[in-house]
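The values are calculated or read from the model by the stated rules, or taken from the named source; none is laboratory data. All figures in this text were calculated on a predicted structure; none of them were measured in a lab. Cβ placement follows ideal geometry from the backbone for every residue including glycine, while neighbour counts extend to all protein chains displayed. Just the protein is used for accessible areas: all its heavy atoms, side chains included, with ligands, DNA and RNA removed. Shrake-Rupley method; radii C 1.70, N 1.55, O 1.52, S 1.80 Å.
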4 protein chains.
Amino acid sequence: MSKERIIKAAIEVFSENEYHRASMDEIALRAQVAKGTLYYNFPGKSQLFKTVVKRTFEDFIRRIKADLQSSIPLKDKIQQTIRHHLDLFLESRHLSHIVFNDISNGFEEDVLDELKLLREEHLNFLATILEEGKCDENYLRDLDSHIAAVGMIGTLESTSKYFLSHQNKYSRDDLERQVFTMITMSLFNSIE
Amino acid sequence: MSKERIIKAAIEVFSENEYHRASMDEIALRAQVAKGTLYYNFPGKSQLFKTVVKRTFEDFIRRIKADLQSSIPLKDKIQQTIRHHLDLFLESRHLSHIVFNDISNGFEEDVLDELKLLREEHLNFLATILEEGKCDENYLRDLDSHIAAVGMIGTLESTSKYFLSHQNKYSRDDLERQVFTMITMSLFNSIE
Amino acid sequence: MSKERIIKAAIEVFSENEYHRASMDEIALRAQVAKGTLYYNFPGKSQLFKTVVKRTFEDFIRRIKADLQSSIPLKDKIQQTIRHHLDLFLESRHLSHIVFNDISNGFEEDVLDELKLLREEHLNFLATILEEGKCDENYLRDLDSHIAAVGMIGTLESTSKYFLSHQNKYSRDDLERQVFTMITMSLFNSIE
Amino acid sequence: MSKERIIKAAIEVFSENEYHRASMDEIALRAQVAKGTLYYNFPGKSQLFKTVVKRTFEDFIRRIKADLQSSIPLKDKIQQTIRHHLDLFLESRHLSHIVFNDISNGFEEDVLDELKLLREEHLNFLATILEEGKCDENYLRDLDSHIAAVGMIGTLESTSKYFLSHQNKYSRDDLERQVFTMITMSLFNSIE
DNA sequence: CATGAATGAGAATTCATTCAT
DNA sequence: GATGAATGAATTCTCATTCAT
């Protein structure tokens, strides 16, 4: 069905391009459907974007939860979380940027609310993981766990982008290690 | 003179709006000049943007350097640096986002190069401050100082934006304190 | 369909106006379509111009070749050729001027090449007719047949334009007769 | 004085560029005066153009008349005339094109009239030379001498332009010889 | 005499959206 | 369900012209 093809194409286009540079033409082209079909299946660009974001984040949460289910040590949980987020930011930089940092893109109230919700849920999810530190032998610093989650997201996003334009200088592994150090040392008194 | 008025208006507009949503019409309107006056003073939109970015960052660097000149303890230097960066991000979020994270906005080679230079200089400036930790009794963690600077910028940017949409929940002081904790604990083994 | 209507309108507008004075607005207006429709059907002004030129010259060549097919005497061929060219210049002065005399109008390489090709083909076509004189009992003067063709085009263009602003002084028949005399006597030692 | 400098610069600019692509900015630049100075000295672009045309043609006529004064044989007169016209067209193609072929450029009535007058005078001048043929032992063909002059101008203009883009193929001498042949054989029964 | 900052009408182009089929 | 031709508002940019100094 073409709805599915459109979403897939839209994920690509919105991931690679800033919202205003991601054109409906390009999406239709990649989905191999007529332009009208986009509007047959979605009320408009922003609604399509909303759908795409939801889909991307659902997939993301599903993947990450699968890895975190077992009662692995906190250290490993953090590591997995970082790894998945780096994947997300490396693949869908523009899309995730909007969700986390630029929700004020001129969307209708409608769309805006859902994006905010999505972000809030995501931050809650992260905050929950971080809070685990408090019940552990390690201690989450004297930090609001939401602020901590937000700061963590920021570090992940900016280092991902820096990595993308300096791939000759660092390996993906370097990136992961350094980000892990920064984040764990910033959030926990000690870990392991 | 209207050149100055245009720059001021452009700083506002580019600070509040994403590059593509910042229109020359809006800038002309706010500067209270005719559209043609923009083009009399600047070759085009991207060149105007470049000018605005340079101006903003020059001012920023001037302000921050003034505060850091004296041989104050590292801890205070970091605190000042954070404070000034929060100011920057709270006032000019879109503008600084482009410089630090989205330089690939479809600019001409010309403009692109200058923006990249500006970013590199800024990161060097930050990295230099961070490296001081190594000569102190405190130790900069086993981190590439540029990656550390980039991560720090990310934390600052994302927490600033979060703060802007949750001003009822946190005070500006809360923000500063928490960010200070996150950053110092993430970058240094201990501080003071 | 509106593509055809646009081409027709564009032929008119480009025929009557110099390229830079022929505006897309005017073309849209005459074609009774919205401005956007022009860009739905053609990538831009210069491409539309190219299409218009090709169409005009294809029609022209078709018409003239139909008349010249039979093995009529050279004299009649020349006469027909002159007649058709006068038609062309009287109807589409600006358009043909560009093709024959002002191809350097600031077009993209792309468009430029096709226009040059068109002109070259046209001159070859004319030169071929003129060369026939050499195999006849008449003799083409000691002239490069391409230069001769170019000169002939020049005479046709300038006399057409003169005629247009002095229609009270000469009839179309006068024009044809005089041009025929000038051209045949200039190119051939004698004719018939 | 700057008026003179403006005229000189304008001659250059209007000679090298089509009227609409010849900008007042460029003229001011080349004349090394401020833009306002153009309007201090001339009421507007078209009036400046008119002045430039008059100057160019006055100079042209003066030069050509100097060469034709003596009672040289008709053949030589024609040759000189051709040579001077080729010079004109090779140096000032756009400017002369407007005068001879594209007077309808959107000029004010005012300017239009003077341009028409200039053209008419020029054609008269040419026609007079051609008429000499009738009183000579040679005979001007059964041609209206004005039409003949116009046709001659057309041949000169188009071959000049062709020459400019095929300079590798022909020398300036070739051009002159061939044009001489074409024109004399077209206008006179025989010459010398 | 001369300036040059400022103007604003107009031009090309883009793109999300609509709608008849 | 799906199409794609058509739209028009918005946007960047150009340039002849004006005018206070």
Any residue in the stretch B:14-36 that's more than 16 Å from B:F107 (Cα to Cα) and away from chain A (no Cβ under 14 Å): show its pairings with residues that are near DNA strand E (Cβ under 9 Å from one of its atoms) and outside any helix (DSSP H, G or I) at Cβ separation under 9 Å, as long as the two are six or more apart or on different chains.
B:I27/B:V33; B:A28/B:A34
Any pair with Cβ under 7 angstrom, 6 or more apart, that starts in the stretch B:173-184 at a residue that is more than 8 Å from every other protein chain (Cβ to nearest Cβ) and ends at one that is assigned to a helix (DSSP H, G or I) and modelled with pLDDT of 90 or more
B:E176/B:I82; B:E176/B:R83; B:E176/B:L86; B:F180/B:Q79; B:F180/B:I82
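So which helices (runs of 4 or more DSSP H) are wholly in the stretch C:9-93 and hold at least 2 residues that are in contact with a Leu (Cβ under 7 Å, 6 or more places away or on another chain) and either under 28 Å from C:E132 (Cα atoms) or open to solvent by 20 Å² or more (accessible area, probe 1.4 Å) (or both)?
C:45-68, C:74-91
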Which residues, counting only those in the stretch B:14-40, are touching a His at 6+ places or on another chain (Cβ under 9 Å) and within 13 Å of DNA strand F (Cβ to nearest atom)?
B:F14, B:N17, B:E18, B:Y19, B:H20, B:R21, B:A22
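Just a yes or no: is a residue in the stretch B:140-157 within 13 Å of chain A (Cβ to nearest Cβ), of a type in the set (D, E) and surrounded by 20 or more Cβ atoms within 10 Å (Cβ to Cβ)?
Yes: the stretch B:140-157 contains one or more residues that are within 13 Å of chain A (Cβ to nearest Cβ), of a type in the set (D, E) and surrounded by 20 or more Cβ atoms within 10 Å (Cβ to Cβ).
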Taking the stretch B:1-13 as the search range and keeping residues that are closer than 22 Å to A:Y19 by Cβ and within 13 Å of DNA strand F (Cβ to nearest atom), which one is farthest from the other protein chains (Cβ to nearest Cβ)?
B:A10
Pair list, Cβ under 9 Å, 6 or more apart: the stretch A:101-125 residue under 23 Å from B:L95 (Cα atoms), other residue surrounded by 15 or more Cβ atoms within 10 Å (Cβ to Cβ) and acidic (D, E)
A:N101/A:E157; A:N101/B:E157; A:D102/B:E18; A:S104/B:E18; A:N105/B:E18; A:G106/B:E18
For the stretch A:12-42, enumerate the residues that are within 18 Å of the chain's Cα centre (by Cα) and of a type in the set (S, T, N, Q).
A:S15, A:N17
Would you call A:F188 among the aromatic types (F, W, Y) and at pLDDT 90 or above?
no
Those residues of the stretch D:1-13 which are closer than 26 Å to D:L88 by Cβ, of a type outside the set (A, V, I, L, M) and in contact (Cβ under 8 Å) with a residue 12 or more places away in the chain, in sequence order:
D:K3, D:R5, D:K8, D:E12
If you scan the stretch B:158-171, which residues turn out to be without any contact (Cβ under 8 Å) to a residue 24 or more places away in the chain and more than 7 Å from chain A (Cβ to nearest Cβ)?
B:S165, B:H166, B:Q167, B:N168, B:K169, B:Y170, B:S171
Going residue by residue through the stretch C:4-13, is there one that turns out to be within 26 Å of C:E176 (Cβ to Cβ) and out of contact with any Gly (no Cβ under 9 Å at 6 or more places or on another chain)?
yes
Could we say that A:T56 is within 18 Å of the chain's Cα centre (by Cα), closer than 23 Å to B:N105 by Cβ and in the same structural domain as A:H85 (by TED's automatic domain parsing) here?
yes
Test D:Q167 against the criterion of being in a helix (DSSP H, G or I) and modelled with pLDDT of 85 or more, and give yes or no.
no
